[in-house]
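Worksheet for the structure shown next.
The values are calculated or read from the model by the stated rules, or taken from the named source; none is laboratory data. Keep in mind that this is a model prediction, so the values were computed, not measured. Reconstructed Cβ throughout: ideal geometry from the backbone, glycine too, with neighbour counts over all protein chains shown.
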Amino acid sequence: MTRPDERIGEVRARVLDSGFDFCVVCNEQDVVLGLLRGDALAKDEDRDADTVMELGPKTIRPNAPVETLLQSRTGQGSKSWIVTTPNGVLLGVLLRSDAERAL
């Protein structure tokens with residue numbers, strides 16, 4: 001997770017160290033604002049995250065049935081899902097491999 005005013009260079013280093021290929025951007029209340037991945041993480045390292053993030057990424061609720069996620073058209077090909085409260089507060093990320101293992 002990162003804040004909107006963090007520099008891409010700092011975020012990129014953390015993402016590479018984490019083994020993930022994306023980073024969720026949240027405000028001070030941990031409400032999901034956007035997503036950094038792909039080309040956004042390759043941008044000028046001095047730019048702020050909020051200038052290059054994808055706005056309003058798709059999220060799921062913690063009570064979403066795993067079977068439904070894996071079988072839905074939008075879930076096909078997804079490697080992970082961002083899990084939030086109904087108010088958009090980040091709870092975590094569900095990896096496809098964990099969802100498949102849970103079944």
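Okay, here's what the table says:
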quantity: Residues satisfying the stated conditions in the range 23-52, i.e. over 15 Å from the mean Cα position of the chain (by Cα) and in a strand (DSSP E or B); calculated: D48
quantity: Residue that is over 17 Å from F22 (Cα atoms) and in contact (Cβ under 8 Å) with a residue 24 or more places away in the chain, where the choices are T59, T68, T85; calculated: T85
quantity: Filter result for L90 (farther than 22 Å from R14 by Cα, outside any loop (DSSP other than H, G, I, E, B) and in contact (Cβ under 8 Å) with a residue 12 or more places away in the chain); calculated: no
quantity: Residue selected from the range 72-97 under the condition among the charged types (D, E, K, R) and under 16 Å from the mean Cα position of the chain (by Cα), by the criterion surrounded by the fewest Cβ atoms within 10 Å (Cβ to Cβ); calculated: K79
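Residue-by-condition table, conditions (1) modelled with pLDDT under 95; (2) among the hydroxyl-bearing types (S, T, Y):
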| residue | (1), (2) |
| --- | --- |
| D5 | no, no |
| R12 | yes, no |
| S18 | yes, yes |
| L33 | no, no |
